[in-house]
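S.K.: Just dropping this structure here.
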Amino acid sequence: MLFTGLSLRLAAGECVELRGPNGSGKTTLIRTLAGLLPMQGQVLASSVIAYLGHTNGLAGPLSPLENLRWYLGIGGHAADDKSIHAALRRLEIGALFRQPVERLSAGQQRRVALARLLIGAAPVWLLDEPYTALDANGIACVDGLLAEHVAAGGCALVASHSPVAVATRMVELNGERVPA
Amino acid sequence: MMNLLTGQLAREFLLVSRVRTDVLNPLIFLLLAVTLFALALEGRPQTLQAHAPAVLWTLVLLTNMLALDGLFRRDFDDGVLEQLFLQADAPYVAILSKLIVHWLVTGFAMVVCVPLLGLGLYLPGDVLPVLMLALLLGTPTITCLGAIGAALTVGLRRGGAILALLVLPLLIPVLIFGVSAVNRVVEGDPPLAELYWLAALSLASITAAPFAVSAALRISLEQ
């Protein structure tokens, strides 16, 4: 058992930064909260969660547009190309909507994965190393998304080795909690 | 539910159209393997004809194993399966559509190619329709049981070998009934019993496989 008696409250309008050394269980905690790993305790309803893991969750041979349409479809939403294009533009990859994802750079692929957060409109974001492969501009873009999301009443739990500029609180996974 | 099924079917067909090697490689392997058998048996018509049903069925089984190993691997490695299980209320519907498309581009494609291979092995023309029908009824079971094995082994590094070890023993009845159906026609007997068995096995596996694959993938994702 990795966690015992762990209690984590994620309130609306909060962006919580999850820190800890390698192997401390950041990814495991996020995957557990997302419902990907079994747990005993209260589980958040998956329909209100958007999850971004280490992998991007994108099919390489498909374009960003096709990937995001599929994502909306499996969530039971109608394919809304307008919101997909808007999300891609917001992440500054609007012109790449027809390129197969496997031909995009690692940073561009990460941006496509981040676009899922915008089109899904889930109030809870669980992000595992969202800054991976992003340049300074991309990192600022993610921080902007997080700031807008919490300002709109959403909440986010972000596991990252890089500081999360917009975090309202920090939780360290080494047995003690450190307030931000 | 229907939206999920049609959306997933469209995605799978799109993927197949983009990655044509996934479709062509198994068929080329089947053609090469049959050719090797014909060469190894020195092209003697009587020997080839006598062994043709067993050779074709065995190679169809092995070719399917080759194709099934990659059925979920790309989606697993890319994190697509994680998103599917997080977002979809009924992931087994998406899995059913994946199985349908996979069977169409491997099992059904083999059914279409097999008459040509059968003729190459000197099978009489009147036997070919039964061979095709037996494969048509038997290959869905191969796809479904293979998909369960592929889902269980998708997280393992050398999953391909374990997949074959897991699934091939379960497919022995399909092989026996399939070969027996063709041999019955060669001997002049009706192959109805074998074909009914193949159909029954397919119906049972098609009914259970989406749920079993879904459970197996969830176990693999939890590792």
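Read-outs throughout are calculated quantities, based only on the coordinates presented, and are distinct from any laboratory measurement. Small disclaimer: the values here were computed from a predicted structure and weren't measured. Neighbour counts are summed over all protein chains in view; Cβ atoms, including those assigned to glycine, are modelled from backbone coordinates with ideal geometry.
S.K.: Rounded to whole Hz and in sequence order, give me ³J(HN,Hα) for segment B:140-149 from the Karplus expression 6.51 cos²θ - 1.76 cosθ + 1.60, θ = phi - 60°, writing x for Gly and Pro.
M.R.: x, 5, 4, 4, 5, 5, x, 5, 5, x
S.K.: Could I ask something else about it? For chain B, what is the relative contact order in percent, using Cα pairs closer than 8 Å and at least 6 residues apart in sequence?
M.R.: This gives 26 percent for chain B.
S.K.: Give the shape of segment B:22-148 as rounded, prolate or oblate, defined through the alpha-carbon gyration tensor: a ≥ b ≥ c are the square roots of its eigenvalues, a/c under 1.5 means rounded, and otherwise the shape is prolate if a/b is larger than b/c and oblate if not.
M.R.: In terms of gyration-tensor shape, prolate.
S.K.: So if I restrict to the alpha-carbon atoms in segment B:125-205, what is the Rg, and what is Dmax, the biggest pairwise distance, in Å?
M.R.: Answer for segment B:125-205, Rg first and Dmax second: 14.5, 48 Å.
S.K.: Indicate the gyration tensor shape class of segment B:160-212 (rounded, prolate or oblate), computed on the Cα atoms with a ≥ b ≥ c the square roots of the eigenvalues: a/c under 1.5 is rounded; otherwise a/b larger than b/c is prolate and the rest oblate.
M.R.: Numbers: a/c = 4.91, a/b = 1.65, b/c = 2.97.
The shape class here is oblate.
S.K.: If you count, for every residue in B:85-94, the Cβ atoms of partner chains within 10 Å of its Cβ, what is the mean?
M.R.: The shielding value for this peptide is 5.
S.K.: What ³J(HN,Hα) values, in whole Hz, does the Karplus curve 6.51 cos²θ - 1.76 cosθ + 1.60 give for segment A:145-152 when θ = phi - 60°, with x put for Gly and Pro?
M.R.: Karplus values, whole Hz, x for Gly and Pro: 4, 5, 4, 5, 5, 6, 5, 8.
S.K.: Would you kindly derive the ³J(HN,Hα) couplings of segment B:70-78 from the backbone phi angles with the Karplus curve 6.51 cos²θ - 1.76 cosθ + 1.60 (θ = phi - 60°), listing them in order in whole Hz, with x for Gly and Pro?
M.R.: x, 4, 10, 4, 5, 5, 5, 5, 7
S.K.: Return the long-range amide H neighbours of A:MET170 (sequence gap of 5 or more, or a different chain), with a cut-off of under 5 Å between placed amide H atoms.
M.R.: A:GLU17, A:ALA180
S.K.: Then there's this: If I stretch the segment between B:PHE13 and B:LEU39 completely, what's the gain in nm (0.36 nm per residue apart, minus their alpha carbon distance), one decimal?
M.R.: 5.8 nm
S.K.: Just to confirm my numbers, what's the Cα centroid distance between segment A:102-130 and segment B:171-189 in Å?
M.R.: Answer, in whole Å: 52.
S.K.: Sorting check: for B:144-150, A:76-82, which peptide has the highest mean count of neighbouring beta carbons within 10 Å, and how do the rest follow?
M.R.: B:144-150, A:76-82
S.K.: Quick one: which residues, 5+ away or cross-chain, put their amide H under 5 Å from the amide H of A:LEU91? H built at 1.01 Å from N.
M.R.: none
S.K.: Oh, and also: May I ask you to work out the translational diffusion coefficient for chain A at 10 °C, viscosity 1.306 mPa s, via Stokes-Einstein with Rh from the Kirkwood sum over Cα pairs, reported in whole µm²/s?
M.R.: 95 µm²/s
S.K.: For the protein assembly as shown, rounded, prolate or oblate, judged on the Cα gyration tensor with a ≥ b ≥ c (square roots of eigenvalues), a/c < 1.5 rounded, else prolate if a/b > b/c?
M.R.: On the way: a/c = 2.84, a/b = 2.36, b/c = 1.20.
It is prolate, given that a/c is not under 1.5 and a/b is the larger ratio.
S.K.: Would you mind counting up the charge near A:PRO38? Only other residues with Cβ under 13 Å from its Cβ, with Lys and Arg at +1 and Asp and Glu at -1.
M.R.: +1
S.K.: Which whole-percent values make up P(r) of segment A:73-155 when all C-alpha to C-alpha distances are grouped in 5 Å steps starting at zero?
M.R.: The calculated distribution, bin by bin, is 3, 14, 25, 26, 21, 9, 2, 0.
S.K.: Rank these for me by crowding, A:GLU14, B:GLU222, going from fewest to most other beta carbons within 10 Å.
M.R.: B:GLU222, A:GLU14
S.K.: Provide a whole-number value for the mean count of partner chain Cβ atoms within 10 Å of the Cβ atoms in peptide A:51-57.
M.R.: Mean shielding count: 5.
S.K.: Just to confirm a number: summing +1 for Lys and Arg and -1 for Asp and Glu over residues other than B:LYS98 whose beta-carbon lies under 11 angstrom from that of B:LYS98, what do you get? Spell out each step's value before the answer.
M.R.: Numbers: positive: B:ARG11; negative: B:GLU12, B:ASP75.
Cβ neighbours under 11 Å give a net charge of -1.
S.K.: Right, something else. Using modelled amide H (1.01 Å from N, peptide plane; none on Pro or chain starts), what sits under 5 Å from the amide H of A:GLY76, excluding residues fewer than 5 places away?
M.R.: So A:GLY76 has HN proximity to no qualifying residue.
S.K.: Same structure again: Run through every distinct alpha carbon pair of segment A:111-154 and return the Kirkwood hydrodynamic radius in angstroms, one decimal place.
M.R.: Values: mean 1/r = 0.0924 Å⁻¹.
It works out to 10.8 Å.
S.K.: How much net charge surrounds A:GLY107 when only other residues with a Cβ under 11 Å from its Cβ are counted (Lys, Arg +1; Asp, Glu -1)?
M.R.: Charge balance near A:GLY107 sits at 0.
S.K.: Also, quick follow-up: For chain B, would you read off the P(r) tail past 29 Å as a percentage of all alpha carbon pairs?
M.R.: Above the 29 Å cut-off, chain B has 28 percent of its Cα pairs.
S.K.: Further, regarding this structure: Just checking the output field for B:8-16: average partner chain Cβ neighbours within 10 Å of each residue's Cβ?
M.R.: For peptide B:8-16, the averaged partner shielding equals 3.
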